[in-house]
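J.: Dumping the structure here so I can ask a few things about it.
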Amino acid sequence: MGMVNWTAKDLIGLKVPAEVAVSYDGTKIAIVVSEPNWDFGVMVSNLWLWRNGELSQWTFGDKSIARPKFSPDGNWLAFLAKAAKDDEAKNQVWLMPLNGGEPRQLTEAKEGVLTFEWHPNGKFIWCVIPEAKPEEREQAKEVDRKRRADFSYHDDALPKRALWKFEVPDGKGEKVFVGDAGIYELKVSPDGRRMVFATTFTGKRDDWRRSKLFWLSVDELKLRPQPLCERAGAQTSPQFSPDGAKVAFLSWREPERSFSHHRIFVADFEGNWSELDSTPDLEIEILHWKHRWLFCLLQTGCTSQIWRVDENEAAPLTDNDWVVTGFDVSASGKTFAAIRTNDRNPPEVWLGELEGEQVRWTQISDFNPQVKQWKLSRAQIIRWHSDGMEVEGLLWLPPEESPYPTPLPTVVWVHGGPKSRAAKALLSAAGIPTFLASRGYAVLASNFRGSSGYSNEFATANFRDLGGGDFRDILSGVEWCIAQGIADPERIGIAGGSYGGYMTNWALAHSERFKAGVSLYGIALLFSDFGNSNNPSWEPDYLGGFPWEVPELYLQRSPFIHAHKIKAPLLLLHGESDLNTFISNSQEMFTALKKLGREVEFVRYPREGHGFQEPNHRVDVLERILIWFDRWLKGDAFASAVPIGEQANDGNLSVRIIDKVRTLQPINLELSGNEKLVGVALSLEAKDNDQLLLSRDVRLLDSGGREHPVAGLLQTDGEIFWLIEGDLKVRLTQKAILINLAFRLPAESQPAAVKVRHLILHV
């Protein structure tokens with residue numbers, strides 16, 4: 001029997017294998033494992049090594065490690081590393097001797113190393129490094145800054161990127177080629193004669209759609225790079241054939257549509273190319289070319305599988321019960337390492353060994369044994385019909401051991417993209433479905449039209465129709481859950497990130513089915529999102545034109561324009577450094593709803609981009625979402641007014657509003673003549689010790705029935721009071737604790753009752 005009392009922090013605190021690399025001979029596997037450092041509020045990653053049937057940790061510390069690669073001779077493991085606590089730190093190449101010894105830094109590039117590859121002889125490493133700005137230019141800029149005479153062009157060109165050659169192990173470096181600013185992938189042929197790189201030309205985020213492949217002769221690196229082929233559409237993920245004569249790569253099936261499926265193409269160095277028709281009509285995530293086979297990771301509905309592909313046929317090497325998030329394969333194509341997960345198991349590393357035409361899989365890591373004791377939610381794949389078309393999704397339900405009655409309060413989770421999908425994985429969508437379901441919610445995650453993991457026709461079915469057919473697919477799934485007796489029609493919420501945030505904003509304006517919503521870094525106004533994003537091609541791709549070409553469509557499909565229709569409470573969560581979906585989107589929606597007098601909250605997360613990375617922020621996001629839906633869908637027991645002097649109970653916690661009301665004058669607060677500060681003491685008592693009460697919304701009702709929000713916590717020293725503002729966080733170190741809250745009231749108001757909302761307990 002598992003435990004009930006795992007927390008958001010427990011979930012975010014899992015050790016997660018993020019990357020795997022298999023040695024050339026298949027005898028060793030390197031694993032990058034990520035986990036939070038709570039003291040510094042950052043994610044750190046370390047290297048683990050599997051060999052001779054044993055798994056051991058090889059690096060320890062506060063670095064961020066990525067891209068492990070074994071040398072062809074088996075003597076070294078190279079990887080990128082930087083200080084995790086320093087936001088300005090740059091990646092450098094490090095070497096780990098496999099015969100014993102400490103890691104050593106190979107490069108000292110001022111602007112850091114973007115990517116690297118071993119030369120087949122194992123004697124040196126090729127690196128792509130941005131050109132450093134001249135020292136005198138930097139000194140001049142610093143002088144201008146001090147004189148307040150500094151300025152910069154908004155569209156300054158990014159630095160060019162150079163190809164460097166570093167000897168192993170002494171680190172002697174030589175710059176051999178300077179290319180454009182957009183080089184981001186590099187591969188060296190197995191015979192060492194040629195090199196292929198991908199470039200976006202400018203290096204700017206939006207220009208990834210222009211990505212092309214070029215090749216160089218290693219013996220003639222000073223020569224002009226040659227285009228690999230003239231195939232239209234972005235070209236990515238180059239992989240040399242074992243003999244070095246050809247290159248496989250990925251490109252869109254429909255060159256003009258970046259959201260169409262990737263397909264496999266093969267080109268030689270004479271300009272000839274062709275599509276590999278044997279590839280299944282599914283989205284491809286990872287591509288390797290080892291021995292005579294191409295190996296790829298395919299999205300298969302709500303799961304992912306490794307497939308083996310040649311010119312004539314394709315076959316899966318993993319079963320359809322798992323989501324594979326990463327894999328690598330030895331040079332012989334016979335030894336695999338894969339990161340696998342599902343709804344009940346966190347990501348772990350599995351060893352695959354080819355036996356005939358099948359691969360035998362064995363789990364070789366157990367980074368999170370404690371999860372076996374958790375009482376976990378479960379996810380099942382469901383299907384329903386919408387507009388005569390079958391739609392698939394995931395239904396997350398509370399743990400089987402939990403006595404939750406049906407119908408359940410239900411949250412619809414909407415994935416981003418929209419070229420993405422809901423995956424049957426414990427940590428899918430940052431763990432939000434898992435967390436909510438474990439707290440008594442049903443969670444419906446729909447793979448609506450436009451989702452990947454299905455046919456190309458399905459993936460492109462929402463072209464010029466954002467918020468149309470895809471929204472109907474979501475609503476049809478909700479009605480299916482209601483008809484099955486799973487979802488309570490009066491307690492349904494909706495949440496999502498990025499495009500899921502867009503859909504949340506849209507859904508609240510276009511359906512009264514949803515009683516509350518949470519929009520994470522979602523789009524509000526398509527015009528301003530186009531103008532502010534570092535990815536401004538997203539709107540033209542999906543809407544079929546620029547704002548000046550199809551202004552009506554941009555206007556009609558913007559949730560902001562329909563904000564006046566929103567009646568349900570909305571929580572907005574956004575990173576302040578989000579350059580993809582600029583924070584102005586959430587600010588616009590917040591301003592509109594505030595002016596309309598709607599129930600809305602807006603939380604900004606510093607340093608966060610498009611998605612939340614810092615562990616403390618991730619915990620906070622989970623807890624805030626739960627609090628929000630508990631308040632508006634469950635109507636937690638404390639949400640009703642408790643008269644002063646009486647007591648309320650909710651499971652393990654009781655709250656007594658003590659009849660102790662005083663007018664106060666804190667030393668750090670000035671009050672106007674027509675208002676007063678009232679202190680109210682709350683006695684909190686729990687059945688168990690060492691629990692955390694998190695409360696962000698306490699209201700005081702006056703005798704006229706008006707609500708007044710909490711101003712903060714009161715601290716006292718005799719008759720001296722001072723106010724601590726912000727979120728309320730109180731740890732119960734004993735069975736009962738007394739806290740003093742302060743409220744601003746008009747001078748003539750008399751306190752009558754208290755509403756305590758948003759209570760969460762952590763064991």
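The values are calculated or read from the model by the stated rules, or taken from the named source; none is laboratory data. As the structure is a computational prediction, the values presented were derived from the model and not from experiment. Reconstructed Cβ throughout: ideal geometry from the backbone, glycine too, with neighbour counts over all protein chains shown.
J.: I'd like the full set of residues that are crowded, with 21+ Cβ neighbours inside 10 Å and assigned to a strand (DSSP E or B), limited to the stretch 23-35.
T.: Ile29, Ala30, Ile31, Val32, Val33, listed by residue number.
J.: Quickly run through the stretch 280-334 and pick out the residues that are under 19 Å from Pro242 (Cβ atoms) and of a type in the set (Ser, Thr, Tyr).
T.: Ser330, Ser332 - these are the residues of the stretch 280-334 that are under 19 Å from Pro242 (Cβ atoms) and of a type in the set (Ser, Thr, Tyr).
J.: What tally of residues in the stretch 263-289 results from selecting those that are at pLDDT 95 or above, out of contact with any Ser or Thr (no Cβ under 7 Å at 6 or more places or on another chain), under 26 Å from Val324 (Cβ atoms) and crowded, with 19+ Cβ neighbours inside 10 Å?
T.: Qualifying residue count, the stretch 263-289: 2.
J.: Follow-up question, since we're still on this one. For the stretch 61-171, please list each of the strands (runs of 3 or more DSSP E) lying entirely inside it that holds at least 2 residues being among the aromatic types (Phe, Trp, Tyr). Steps first, answer last, please.
T.: Values: elements: 63-70, 76-83, 92-97, 115-118, 124-130, 161-167.
Once the strands (runs of 3 or more DSSP E) in the stretch 61-171 are filtered for at least 2 residues that are among the aromatic types (Phe, Trp, Tyr), what remains is 76-83, 115-118, 124-130, 161-167.
J.: Any idea how many residues of the stretch 198-225 are at pLDDT 95 or above and part of a strand (DSSP E or B)?
T.: 6
J.: From the list Lys187, Lys212, Lys246, Lys204, pick out the single residue that is more than 30 Å from Ser420 (Cα to Cα) and among the basic types (Lys, Arg). Steps first, answer last, please.
T.: Numbers: Lys187 fails: more than 30 Å from Ser420 (Cα to Cα); Lys212 fails: more than 30 Å from Ser420 (Cα to Cα); Lys204 fails: more than 30 Å from Ser420 (Cα to Cα).
Answer to the check: Lys246.
J.: Looking at this structure, is Arg253 closer than 19 Å to Arg231 by Cα, among the charged types (D, E, K, R) and buried (at least 19 other Cβ atoms within 10 Å of the Cβ)?
T.: Working: closer than 19 Å to Arg231 by Cα: yes; among the charged types (D, E, K, R): yes; buried (at least 19 other Cβ atoms within 10 Å of the Cβ): no.
Criteria not met by Arg253.
J.: Something else now. As an exercise: evaluate Gly203 against (1) in contact with a strand residue (DSSP E or B) (Cβ under 9 Å, 6 or more places away or on another chain); (2) on the phi > 0 side of the Ramachandran plot; (3) free of Cβ contacts under 8 Å to residues at least 40 places away in the same chain and give the number of the one condition it does not meet.
T.: Of everything listed in (1) in contact with a strand residue (DSSP E or B) (Cβ under 9 Å, 6 or more places away or on another chain); (2) on the phi > 0 side of the Ramachandran plot; (3) free of Cβ contacts under 8 Å to residues at least 40 places away in the same chain, Gly203 misses just condition (3).
J.: I'd like the full set of residues that are of a type in the set (Ser, Thr, Tyr) and touching a Lys or Arg at 6+ places or on another chain (Cβ under 8 Å), limited to the stretch 61-92.
T.: Taking the stretch 61-92 and keeping what is of a type in the set (Ser, Thr, Tyr), we get 64, 71.
Selection gives Ser64 alone.
J.: If you go through the stretch 4-11 one residue at a time, do you hit one that is closer than 30 Å to Pro433 by Cα, in contact (Cβ under 8 Å) with a residue 24 or more places away in the chain, outside any strand (DSSP E or B) and in contact with a Gly (Cβ under 7 Å, 6 or more places away or on another chain)?
T.: Yes, some residue in the stretch 4-11 is closer than 30 Å to Pro433 by Cα, in contact (Cβ under 8 Å) with a residue 24 or more places away in the chain, outside any strand (DSSP E or B) and in contact with a Gly (Cβ under 7 Å, 6 or more places away or on another chain).
J.: Right, here's the next one. Could you tell me whether any residue of the stretch 178-194 is under 35 Å from the mean Cα position of the chain (by Cα), modelled with pLDDT under 95, β-branched (Val, Ile, Thr) and in a strand (DSSP E or B)?
T.: Yes: one or more hits.
J.: It is to be established whether one or more residues within the stretch 606-616 are assigned to a helix (DSSP H, G or I) and either under 18 Å from Leu570 (Cβ atoms) or without any contact (Cβ under 8 Å) to a residue 40 or more places away in the chain (or both).
T.: no
J.: Here's something else I'd like to know. Restricting attention to helices (runs of 4 or more DSSP H) lying wholly within the stretch 453-513, give those where 3 or more residues are closer than 15 Å to Val414 by Cα and assigned by TED's automatic domain parsing to the domain that holds Leu408. If you could, list the steps in order and put the result at the bottom.
T.: Details: elements: 456-459, 469-483, 499-510.
In the stretch 453-513, the matching helices (runs of 4 or more DSSP H) lie at 469-483, 499-510.
J.: How many residues, within the stretch 567-583, are outside any loop (DSSP other than H, G, I, E, B) and surrounded by fewer than 18 Cβ atoms within 10 Å (Cβ to Cβ)? Talk me through it step by step, then tell me what you get.
T.: Residues of the stretch 567-583 that are outside any loop (DSSP other than H, G, I, E, B), as a first pass: 570-575.
In the following step, the residues that additionally are surrounded by fewer than 18 Cβ atoms within 10 Å (Cβ to Cβ) were identified as none.
Here the count works out to 0.
J.: Identify, from the list Lys82, Lys123, Lys133, the residue that is touching a Gly at 6+ places or on another chain (Cβ under 8 Å) and of a type outside the set (A, V, I, L, M).
T.: Details: Lys123 fails: touching a Gly at 6+ places or on another chain (Cβ under 8 Å); Lys133 fails: touching a Gly at 6+ places or on another chain (Cβ under 8 Å).
Checking each option against the conditions leaves just Lys82.
J.: Would you mind stating whether Ala338 is modelled with pLDDT under 95, assigned to a strand (DSSP E or B) and either among the aliphatic types (A, V, I, L, M) or in the same structural domain as Tyr454 (by TED's automatic domain parsing) (or both)?
T.: Numbers: modelled with pLDDT under 95: no; assigned to a strand (DSSP E or B): yes; either among the aliphatic types (A, V, I, L, M) or in the same structural domain as Tyr454 (by TED's automatic domain parsing) (or both): yes.
So Ala338 does not fit the description; no.
J.: Could you list, in sequence order, the residues of the stretch 129-150 that are of a type in the set (A, V, I, L, M, F, W, C) and in contact with an Asp or Glu (Cβ under 8 Å, 6 or more places away or on another chain)? Full working, then the answer.
T.: Start the filter on the stretch 129-150 by keeping residues that are of a type in the set (A, V, I, L, M, F, W, C), which leaves 129, 132, 140, 143, 149.
Across the stretch 129-150, the qualifying residues are Ile129, Ala132.
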